[in-house]
Amino acid sequence: MTRLEAVRERYMRDGLEIRLGGLAANLARIASFSGRMKNHGSVEYLIEESKWFIEWIVPDASPEMQAELVELQIQLALWHRAWKDGMMEGYRLDDMISHAQTWSDRILEQSGLLKTDAS
């Protein structure tokens, strides 16, 4: 079993809400880690892993969420390419950090994990 297969097997054990929470956590880590060059490899891995998370979430998501996740996956692919090519500097890096955090917040909200019972 490859490492990716092991990650997928573990990831798919959880329900959709938890998987969305994991994607949101990855996006928050991307936003947090991107400002320091010593985290370069970690950010690249998190971007790649997040693309896979989306791939595995989409079949279980609503059509509306599927459309959003595809949009995010495209954005992650663009960030990944720029990150690997060393073209993520200055305002582009600030933009990626801001957007990654916005996506994280949005997906976490949509996951339902933040809802509390007010009984």
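To keep it simple, each residue is scored yes or no on (1) among the aliphatic types (A, V, I, L, M); (2) closer than 21 Å to GLU5 by Cα.
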| residue | (1), (2) |
| --- | --- |
| ALA31 | yes, no |
| ARG36 | no, no |
| SER42 | no, yes |
| LEU46 | yes, yes |
| GLU55 | no, yes |
| MET87 | yes, no |
| ASP94 | no, no |
| ILE107 | yes, no |
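For the condition of a type in the set (A, V, I, L, M) and farther than 21 Å from LEU114 by Cβ, what is the one hit in ILE18, ILE30, ILE74? Step through it out loud before you land on a result.
On the way: ILE18 fails: farther than 21 Å from LEU114 by Cβ; ILE30 fails: farther than 21 Å from LEU114 by Cβ.
Selected residue: ILE74, the only one of ILE18, ILE30, ILE74 that is of a type in the set (A, V, I, L, M) and farther than 21 Å from LEU114 by Cβ.
Could you give every pair whose Cβ atoms fall below 7 Å, whose first residue belongs to segment 74-94 and is surrounded by 12 or more Cβ atoms within 10 Å (Cβ to Cβ), and whose second residue is of a type in the set (Val, Ile, Thr) and modelled with pLDDT of 90 or more, counting only separations of at least 6 or pairs across chains? These pairs meet every condition: LEU76/ILE47; TRP79/ILE47; HIS80/ILE47; TRP83/VAL43; TRP83/ILE47.
Of SER34, SER104, SER111, SER98, which residue is of a type in the set (Gly, Ala, Ser), buried (at least 16 other Cβ atoms within 10 Å of the Cβ) and more than 23 Å from ASP14 (Cβ to Cβ)? Even if it seems obvious, please write down each step before you answer.
On the way: SER104 fails: more than 23 Å from ASP14 (Cβ to Cβ); SER111 fails: more than 23 Å from ASP14 (Cβ to Cβ); SER98 fails: buried (at least 16 other Cβ atoms within 10 Å of the Cβ).
The match here is SER34.
The values are calculated or read from the model by the stated rules, or taken from the named source; none is laboratory data. Quick caveat: nothing in here was measured; it's all calculated off a predicted structure. Virtual Cβ from ideal backbone geometry, glycine too; neighbours counted across all protein chains shown.
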